[in-house]
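A short write-up of the structure that comes next.
Read the figures in this text as sums done on the coordinates, not as results from a lab. Just so we're clear, the structure is a prediction, and the values are computed from it rather than from any experiment. All Cβ positions, even for glycine, are placed from backbone atoms using ideal geometry, and neighbour counts span all protein chains on display.
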Amino acid sequence: MSGSLVAFALLATAYFGVLATLGILASRRSSRSPEEYFLAGRGLGKVVLFMALFGTNCTTFVLVAIPAVAWQHGVGIFGLNAAVVALGVPLTFLLIGLPARAQAARLGALTPAELYAKKLDSKAVGLVLFGAFTLYTIPYMVQGVKGTALVMSQATDGVLPTWLSGLCVLMIVMLYTSLGGMRGTAWTNVFQGALFMLFMACAFVLIPMRMGGFGTAMEKVRAVDENLLRVGGDYALFQPTAWASWGLVISTTVIAFPHMLSRLLSAADDETTRSVCRFYPLALVALWIPAVLLGVLGRGAFPELERPDTLFYLMSEEFLPPWLGGVAFLAILSATMSTLDAQILTLSSMLVRDGLPSSSRSPRTEVRLGRIFIFAVAMCVYVLSLLWGDSLFDISRRAFEGYTTLVPTLFLGVRWRRFSASGAIASITVANLVLWAGWNFDGFALFGFLPVFWAFVAGILSAVVVSLTSGPRESS
């Protein structure tokens with residue numbers, strides 16, 4: 001075995017050991033009740049909540065997919081995503097997450113779907129939300145596994161094939177998530193988020209330096225295609241109406257991630273959530289700048305790539321010292337696992353609380369079922385990761401657009417007293433029908449807006465019209 005593979009094995013073993021240890025430590029408290037297991041007893045403090053949310057935002061979409069699309073389309077990708085994300089995401093935390101946390105605690109709800117089912121006094125709403133959350137979360141999980149498996153296979157020079165790499169990652173995630181529940185995933189996210197940002201900071205400084213300086217690196221990019229250094233171009237999403245549509249998606253979709261909303265439900269109090277929102281914009285900008293820069297500079301270093309999704313690994317291998325190349329691999333693992341653990345835990349909690357018929361289950365039985373479903377969800381994602389062949393960005397984009405169709409229901413459900421169960425079901429159904437029609441019929445993007453824009457508008461109109469015509473509902 002070569003020295004690089006030995007170093008890789010040692011780093012991976014140490015990393016997995018830390019995660020397993022944190023999961024074991026958290027397990028001492030996580031088995032007491034479903035509330036403790038699925039929501040950490042609604043007691044996450046400011047630092048842990050911030051890192052849990054931020055760590056969940058540090059995904060392979062940012063680390064692998066964004067450099068790949070920036071390699072193709074240039075610096076405009078930053079404005080397409082980062083600017084609206086930095087302002088939009090914290091705003092949705094305040095507008096939706098803040099009242100959702102208080103109402104979930106009052107109603108005893110442990111999952112996002114359960115919250116709206118109880119708030120609107122309708123099990124049907126819970127089932128529809130559970131189905132929609134699952135439908136769009138599974139593809140997002142698949143892109144995470146695919147991205148990590150690809151990088152791990154490259155890092156081991158093919159010793160670990162992609163199918164085995166993806167399985168290894170999921171096995172570790174299943175271990176510490178099933179042991180520690182929400183508290184375990186939050187603790188590991190503190191470690192993973194810190195590791196991720198440490199690497200991004202080092203890469204931001206060292207890669208341009210090793211390319212001969214920032215100016216020299218940019219000249220290499222300009223020599224390949226000077227349009228990469230301009231905002232705009234032929235990319236469809238750079239057109240004004242398409243940009244506005246995508247801005248709507250990327251700024252509102254995060255709150256509709258069930259795993260993000262579940263973490264907001266775990267906050268200790270309202271001030272904890274507000275404190276997180278104050279620092280979130282700066283953290284998101286600091287996350288996106290290196291990711292886009294990595295992709296743009298990569299075009300100068302690798303003008304021709306058959307698979308742009310491999311750019312992150314190629315840049316790390318070419319321009320970073322060997323020891324930091326190992327950290328790059330750990331950053332990829334952190335990006336994937338800090339999101340996968342939350343997604344798997346949230347889907348398993350919804351399977352227990354929303355998917356199974358209600359009965360007089362004991363608290364220990366619910367925790368035990370949650371652990372069983374963690375393994376079931378992970379294996380489903382693994383099989384799909386072997387079957388799907390779309391690019392990481394395309395998979396993520398479809399999932400993000402789907403989540404956006406749920407935002408009208410999530411907002412109105414906690415902010416408008418007249419909002420009804422019929423309005424919620426109509427909103428989700430109509431919005432998704434419009435979105436799927438837009439995906440499958442050419443020319444559906446009216447006036448240049450993407451189908452998701454019209455789906456969002458249709459969701460709002462359906463929610464309002466049906467709620468107003470279905471009569472007032474009783475106060476919860």
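Could you tell me the calculated FRET efficiency between LEU198 and THR469, based on Cβ-Cβ distance and R0 = 60 angstrom, to the nearest 0.05?
0.65
What longest range of the chain stays clear of loop-exposed GluC sites (Glu not before Pro) (DSSP non-H/G/I/E/B, at most 10 other C-beta within 10 angstrom)?
Excluding the exposed sites themselves, the longest stretch runs over 1-303.
Within 13 Å, Cβ to Cβ, of ALA105, how many net charges do the neighbouring residues add up to if Lys/Arg are +1 and Asp/Glu are -1?
Overall, the nearby charge balance is +1.
Where the centre of each part is set by its Cα atoms, how far does region 128-157 sit from region 54-124, in angstrom?
Taking the Cα centre of region 54-124 as reference, the centre of region 128-157 is 17 Å away.
Lys and Arg at +1, Asp and Glu at -1: add these up for the other residues within a Cβ distance under 10 Å of GLY212 and post the number.
+1
How about LYS123: which aspartates and glutamates have a C-alpha closer than 18 Å to its C-alpha, ignoring those fewer than 8 places off in the same chain?
The qualifying aspartates and glutamates are GLU114, ASP354, GLU474.
LYS46: which aspartates and glutamates have alpha carbons under 18 Å from its alpha carbon, excluding same-chain residues fewer than 8 sequence positions away?
Result set, ordered by chain and number: GLU36, ASP269, ASP270, GLU271.
Under a no-solvent Debye model with one identical scatterer per Cα of region 351-434, what's log10 I(q)/I(0) at q = 0.22, 0.26 Å⁻¹?
Scattering profile of region 351-434, log10 relative to I(0): -1.03, -1.08.
Report, in deg cm²/dmol and to the nearest 500, the calculated mean residue ellipticity at 222 nm for the chain, where each DSSP H run with n ≥ 4 adds -39500 (n - 2.57) and the sum is divided by the residue count.
So the helix-based figure for the chain works out to -26000 deg cm²/dmol.
Take the Cβ-Cβ distance between LEU384 and ALA124 as r, set R0 to 30 Å, and report the resulting FRET efficiency rounded to the nearest 0.05.
So, using R0 = 30 Å, E works out to roughly 0.65.
Is the shape of region 1-79 best called rounded, prolate or oblate, per the rule: a/c under 1.5 gives rounded, else a/b larger than b/c gives prolate, else oblate, with a ≥ b ≥ c the square roots of the Cα gyration tensor eigenvalues?
Cα axes put region 1-79 in the oblate bin.
If one takes the longest principal axis of the Cα atoms in the chain, at what angle in degrees, from 0 to 90 and to the nearest 10, does the Cα axis of helix 3-30 lie?
20
Relative to 2.2 N^0.38 Å, what does the C-alpha radius of gyration of the chain come to as a ratio? Two decimals please.
Relative to the 2.2 N^0.38 Å estimate, the chain comes out at 0.95.
Net charge near VAL249: determine it from the other residues with C-beta under 12 Å of the C-beta of VAL249, scoring Lys and Arg +1 and Asp and Glu -1.
With Lys, Arg at +1 and Asp, Glu at -1, the net is +1.
What does the C-alpha gyration tensor say about the overall shape of region 205-270? Classify as rounded when a/c is under 1.5, otherwise prolate if a/b is larger than b/c, or oblate.
Since a/c reaches 1.5 but b/c is at least a/b, the shape of region 205-270 is classed as oblate.
Roughly what angle does helix 421-440 make with the longest principal axis of the chain, taking Cα atoms, 0 to 90 degrees, to the nearest 10?
Between helix and principal axis, roughly 30 degrees.
Could you give the angle, 0 to 90 degrees to the nearest 10, between helix 214-224's Cα long axis and the longest principal axis of the Cα atoms of the chain?
Roughly 90 degrees, rounded to the nearest 10.
If r is the Cβ-Cβ distance from LEU433 to LEU206 and R0 is 56 Å, what FRET efficiency results, to the nearest 0.05?
According to the calculation, E is roughly 0.70.
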